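So the structure is just underneath, and the comments pick up after that.
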Amino acid sequence: MSQFESGSGQFDSVDEVVDALGEQGYIADARLATTVFLVNRLDKPLLIEGPAGVGKTELAKALAKATGRRLLRLQCYEGQDETKALYEWDYGKQLLYTQILREKIGQVVADSPTLEDAVDRIGAQESVFFSERFLASRPLLEAIRSDEPVVLLIDEVDRADEALEAVLLETLAEYQVSVPEVGTFTTTTPPYVVLTSNNTRDLSAALKRRCLHLFLDYPTAERELEIVRSKKTGLPDALAEQLVGVVRGLRELELRKSPSISETIDWARTLAVLGVEELNATVLSDTVSVVVKYDKDVRKAIGALPKLVDPNATVPEKDHGHGHGHGHGHDEEQPKKPARADETEDEVDGRAIRAAKDTPGRFGNTYGSNPLGGDTGASPSKPPKVPADRGKSSFGAGLGRKRAL
């Protein structure tokens, strides 16, 4: 059995880290391998920050496989309670034991002279129900209590609340967890702790101070091509190299979410399954949703693909007017519309005709028109004045009848 098969060995050099991770399908550069080597030798947690999809989580998985350690994963999320990270009391089990031991509890308090004495006797036994027997370990406590070495992955710690960060401080600094009802658990074999962050918020200085730090960005074209080849996607090397160049071009666009390395691998597998022998804008546009996941990003990517596939390609410009017929406030002279077959050169355009017809009274006896008729082109006469007493008799009679009632 090698030193890593038992999970307790150490790497002898940085090159050994590169080889060990490479055997697990993870291509590591010198900087990353050096950081992992220090984690192995110094027993310090590792905080990896960077954009989503660059291999932060995969590094923890590959490290666990390379060292023969069991992987424990704590997936963080907003509003997460520390009980989901540390431990919980198994209330169901406690209740079950209480029901089973009901008779025994009755015997304990059977000869109690007073109610106070009975409560004291039950209280003296309460530690029985708050012992390790009823303690449900969660990932942090499980990593500390484990008899075998483990790799503890605390994934997307930036999504958790700051309260959980405070809980992590004791675990990361001392490799111990305190349970008030039981005591303090201390590890015999420190776990490899890997924390990942997508930089959705800044982490506290206290947390960063306890960790080795590594910023993992998108890889170089050569390394990304090596990663795609190592996954045996089935895509020919020449097309894989061209595809990596296209993906890197998409990342330079202002997209809501840039394509990740894993999505590049998925795109390569998709093209291989389709039997693509040549990359062109059409086939890439049909499959671009594999790497671009938002509608606005998809439209932007489709517009850029012809140039990314062939830098010398000519992309026709779209009509700025959108065909809606409305102006955009530009000073340039708008092009004239083509004349109809029955339209002459001297004919006035439709807007002028509509403006000429826009005269008061053109709709007859309506609001704003001349109620007495006459020339529609003339100014409308004033409406007749209504005497103040008109309708007086009817309204007055109505009111009078109402008062009479």
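Residues checked against (1) under 26 Å from residue 243 (Cβ atoms); (2) of a type in the set (S, T, N, Q); (3) out of contact with any helix residue (DSSP H, G or I) (no Cβ under 7 Å at 6 or more places or on another chain); (4) not in a loop (DSSP other than H, G, I, E, B):
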site: 194; (1), (2), (3), (4): no, no, no, yes
site: 207; (1), (2), (3), (4): no, no, no, yes
site: 214; (1), (2), (3), (4): no, no, no, yes
site: 218; (1), (2), (3), (4): yes, no, no, no
site: 224; (1), (2), (3), (4): yes, no, no, yes
site: 228; (1), (2), (3), (4): yes, no, no, yes
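Matching residues to (1) under 22 Å from residue 31 (Cβ atoms); (2) touching a Ser or Thr at 6+ places or on another chain (Cβ under 9 Å):
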residue	(1), (2)
145	no, yes
148	no, yes
196	yes, yes
201	no, no
230	yes, no
244	yes, yes
254	no, no
258	yes, no
Practice item. Six or more apart or on different chains, Cβ under 9 Å: which pairs go from a residue in segment 208-232 that's of a type in the set (S, T, N, Q) to one that's buried (at least 18 other Cβ atoms within 10 Å of the Cβ) and in a loop (DSSP other than H, G, I, E, B)? Could you list them? Key: 230/26; 230/27
**Study point:** Residue match in segment 84-104 (condition: open to solvent by less than 70 Å² (accessible area, probe 1.4 Å), hydrophobic (A, V, I, L, M, F, W, C) and closer than 30 Å to residue 27 by Cα)
**Key:** no
Practice item. Might you let me know whether segment 212-222 holds any residue that is surrounded by fewer than 16 Cβ atoms within 10 Å (Cβ to Cβ), at pLDDT below 90 and under 25 Å from residue 49 (Cβ atoms)? Key: no
Practice item. Give me a count of the residues in segment 252-270 that are surrounded by fewer than 18 Cβ atoms within 10 Å (Cβ to Cβ) and touching an Asp or Glu at 6+ places or on another chain (Cβ under 6 Å). Key: 1
Practice item. Please specify each residue of segment 23-48 satisfying the condition of being open to solvent by 10 Å² or more (accessible area, probe 1.4 Å) and under 25 Å from the mean Cα position of the chain (by Cα). Key: 26
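Of 11, 37, which residue is in a loop (DSSP other than H, G, I, E, B) and of a type outside the set (Gly, Ala, Ser)? Give the steps one after another, and end with the answer.
Details: 37 fails: in a loop (DSSP other than H, G, I, E, B).
It is 11.
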Practice item. Answer yes if at least one residue in segment 159-166 is more than 16 Å from residue 84 (Cα to Cα), at pLDDT 90 or above and open to solvent by 10 Å² or more (accessible area, probe 1.4 Å), and no otherwise. Key: no
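The values are calculated or read from the model by the stated rules, or taken from the named source; none is laboratory data. The shown structure was predicted, so the numbers you read here are calculated from the model rather than taken from an experiment. Ideal geometry is used to build each Cβ from the backbone, glycine not excepted, and the neighbour counts take in all protein chains shown. Heads up: the accessible areas ignore ligands, DNA and RNA and are worked out on the full protein's heavy atoms, side chains in. Shrake-Rupley method; radii C 1.70, N 1.55, O 1.52, S 1.80 Å.
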